[in-house]
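Every number in this text was worked out from the coordinates using simple rules, so none of it is lab data. None of the values given here were measured: they were computed from a predicted structure. Cβ placement follows ideal geometry from the backbone for every residue including glycine, while neighbour counts extend to all protein chains displayed.
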Amino acid sequence: MTNSKISVDPELIEAIKKELNLDELKKKATHSNGEGQYYYDKRYKSWQYKFYVYDCIDGTRIRKCVSGKTKEEALKKYKQLMFQSNDFKFITKHGLPLIELIRKHLQQRYEANDISPGYYRRTLDTIRIIENSSIGKLNIQDISYMQLQKFFNELSHKYSDSSIKKVWEQVAQSFKFAVKSKFIQDNPMEDVIKPKSRLDKKELSALSLTEHKILSQYLLKSKISEEKYKNVFLLQLYLGLRVGEALALKSTDINLDNDTIQISRTLTTNETGAVIMGKSTKTATGKRLLPIPQFLKEHIIEQLEYSKNNKDNLLFTYGDKLVHPHSMNSQLKRMCKNLNIMRPRNLNTYFKTFLCNSFDRSWYACCCITKINGTF
């Protein structure tokens, strides 16, 4: 047998190369210090970044791929995934930006079911303040307590005490997490002083007794056909329910024989902001059994009859959907404007104020108020 070479038409080879874009891909594919490879994929019209991450438990390599409309977007996703995967070699080489540390800590708490979806979403809004600041993109290894102090001092000119507190908690918790994870040795937040807001304090408005009487009489006389959610406001006015607690009520929570209402859940939001039925109340003591005042009983019966065909036994719905608690603020604002009364911050707050003014300030009275309202 004699060895013979198979001859291939050069034009055929060039045609195949052109069809597969081999030369173009070879030119555009780039290696980044052996950490991965990025290239432009014409088929999907996006930049692809392929790389390996190491399993922190058994040390095995796992191949990953991210994509983006631009090379910068693909590289950003690559870095975020490397930070989230706890790749110490990568973090040691490139450092760990503060914003990525905060995201990493928040994600771990969410995956461990330590925080609710609603809290997770709200915190993402909070950390955008940090992301857009001068320290957000700095590596935690390079941030001094003076830079942190300057950052918080600047916040005091723009945000309320409540907003400053939320940002403070995220930064402080994340730096503690960084020390425990041995990303850094010392915690610079230990020397930072939390400033107070320099903004003018907004006074919380409350209904006067006259305004309370006007609103109450209007709700008691209105029909559901005129004010669909009037009973939501009555439950807030006279039982102190949070709006989410009222909107989460089911017919099975009402006991007309004993004239009681069981509060056991509240509406909340998920990580995308959509309204969902919560599994419990806002606080542990939020689960409570409240008496139904006799003058409200006919309105409770009216609501039960109105919602009897609801498949989920809910008392209050928007068609077949859950009612968003924020929509109640708009309803209350419109109602108060038509009645020429000042709109309170919320009716739940008014109820607590009303109770405080009705009782003495003894320890026993305070316990009664918090028990009724499910505050603590």
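Examine segment 253-265 for a residue that is within 27 Å of Val323 (Cβ to Cβ), surrounded by fewer than 16 Cβ atoms within 10 Å (Cβ to Cβ) and touching a residue at least 40 places away in the same chain (Cβ under 8 Å), and state whether such a residue exists. Scanning segment 253-265 turns up at least one residue that is within 27 Å of Val323 (Cβ to Cβ), surrounded by fewer than 16 Cβ atoms within 10 Å (Cβ to Cβ) and touching a residue at least 40 places away in the same chain (Cβ under 8 Å). Taking into account only those residues within segment 297-339 that are without any contact (Cβ under 8 Å) to a residue 60 or more places away in the chain, of a type in the set (S, T, N, Q) and part of a loop (DSSP other than H, G, I, E, B), which is farthest from Ile263 (Cα to Cα)? Here the residue is Asn309. Of all residues in segment 287-296, those satisfying the criterion of being touching a residue at least 60 places away in the same chain (Cβ under 8 Å) and in a helix (DSSP H, G or I) are Phe295, Leu296.
Contact annotation: residue pairs with Cβ atoms under 8 Å, 6 or more positions apart or on different chains, pairing a residue in segment 177-199 that is within 20 Å of Asp142 (Cβ to Cβ) with a partner that is acidic (Asp, Glu), are Val179/Asp186.
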